[in-house]
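Notes follow the structure.
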Amino acid sequence: MLFADLNLARRLELADAAKHIDYAAARARLLGTGCCAWEQIGGGWAIFAGMDNPYSRVVGLGLDGPVSEAAFEQAEAFYRRRGAQPAFSLCPLADPTLLEHLNHRGYQVEMFMHVWYRPFVSGETFPAPPSGVVVRAMEPEEADLWTLVAFRGGLDSDEALPNAGVIIAPYPFMKQARCWLAWRDGEPAGAATLAIHDGVAGLFGASTRVPHRNLGIQHALIAARLAAAVDVGCDLAVVDTEPGSPSQRNVERLGFKLAYTKVTMRSENA
């Protein structure tokens, strides 16, 4: 198991930044080039993917050393030019100057997220799905189906219909990611996504429809994506979960270890 040090944090956070940028680019292709933007700042990235979008935040700042006043102000200005509240994803291994800037300007904690990692062992295999469950990568013509399954899987309703503006709509169109579907007894039961950057396999976008929950669907989706990552030569996997969530339980069962807990901090001033 790799030690969760600054070098590991850089790999994980840069992979996360690449995922954010890929998402913003896909959303821009869907909705128009003016809706999204990204800018490299001080070794990290500021990404804007729309108002009130969780992908609109600064990622990776402070992992290359002290954050200057000018760099922090550049990040804030990036969002304020777009009428948005600046938000920063704060890795606990970032240089302390980043937290000093955030505290000095009165940023508030918005949410916590556990970051889990798992190195791959050469030649390892992963559990087969339960009886009646088939997991495979989405075909290009299944983008609408994937979005429907993923959308319903994130709710307690199996009747809701997504629209073009839902957060997950760009996932099937990201260039560095691939969406996956799980089928149970011939019915689309769950959905998930795998993004790859510099040998790091990022697992995200997972959900299960209400009629198929607690039957091993998410465990099967995780195992299938890990196997696919090994096949293309990845040496490391990462997944973010809410603390104490069922997703945390699933990834721990498949050998993930906690790297660190990061926090999103947001300005109260637009």
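A short reminder: the numbers here are calculations on the coordinates, not readings from a lab. Model, not experiment: these values are computed from the prediction. We place every Cβ from the backbone using ideal geometry, glycine too, and count neighbours over all the protein chains shown.
Basic side chains Lys and Arg get +1 at the Cβ, acidic Asp and Glu get -1 at the Cβ, and with that the dipole of the chain about its Cα centre reaches some 160 debye. Amide hydrogen proximity for residue 63: with H placed 1.01 Å from N in the peptide plane, the residues at 5 or more positions away or on another chain lying under 5 Å are 95.
Of interest is the spacing of the C-alpha centroids, which for segment 76-146 and segment 224-270 amounts to 7 Å.
Sorted ascending by nearby beta carbons within 10 Å, beginning with the fewest, 179, 234, 35 become 35, 234, 179. Residue-wise HN-Hα couplings along segment 12-20, as the Karplus relation 6.51 cos²θ - 1.76 cosθ + 1.60 with θ = phi - 60° gives them from phi, are 5, 6, 5, 5, 5, 4, 4, 5, 4 Hz; Gly and Pro carry x. Spin-label model, residue 39 to residue 198: label points 7 Å out along the Cα-to-beta-carbon direction sit 2.2 nm apart. Converting phi to 3J(HN,Hα) with the Karplus coefficients 6.51, -1.76 and 1.60 and the offset θ = phi - 60°, segment 155-170 yields 10, 9, 10, 9, 10, 5, 10, x, 10, 5, x, 5, 4, 7, 3, x Hz in sequence order, with x at every glycine or proline. Go ahead and run the numbers for FRET between residue 157 and residue 187, Cβ-Cβ distance against an R0 of 22 Å, rounding to 0.05. In this case the efficiency is close to 0.85. For segment 1-93, trypsin sites (Lys or Arg not before Pro) meeting the loop criterion (DSSP other than H, G, I, E, B) and having at most 10 other Cβ atoms within 10 Å: 81.
Evaluated with a Cβ-only charge set (Lys, Arg +1; Asp, Glu -1), segment 15-151 carries a dipole of roughly 180 debye about its Cα centre, given to the nearest 20. In summary, the lysines within cross-link reach of residue 19, defined as a Cα separation below 20 angstrom excluding same-chain residues under 8 places away, comprise 175, 262. For the chain, excluding the exposed loop sites themselves (GluC sites (Glu not before Pro), DSSP loop, at most 11 other Cβ atoms within 10 Å), the longest remaining stretch covers 1-123. With the Cα gyration tensor of segment 133-234 giving a ≥ b ≥ c as the square roots of its eigenvalues, does the rule (a/c under 1.5 for rounded; else a/b larger than b/c for prolate; else oblate) give rounded, prolate or oblate? Oblate, since a/c reaches 1.5 and b/c is not below a/b.
Residues whose amide H lies under 5 Å from that of residue 56, counting only those 5 or more places away or on a different chain, are 49; hydrogens are built 1.01 Å from N in the peptide plane. For the chain, the longest principal axis of the Cα atoms and the long axis of helix 217-231 meet at an angle of about 70 degrees.
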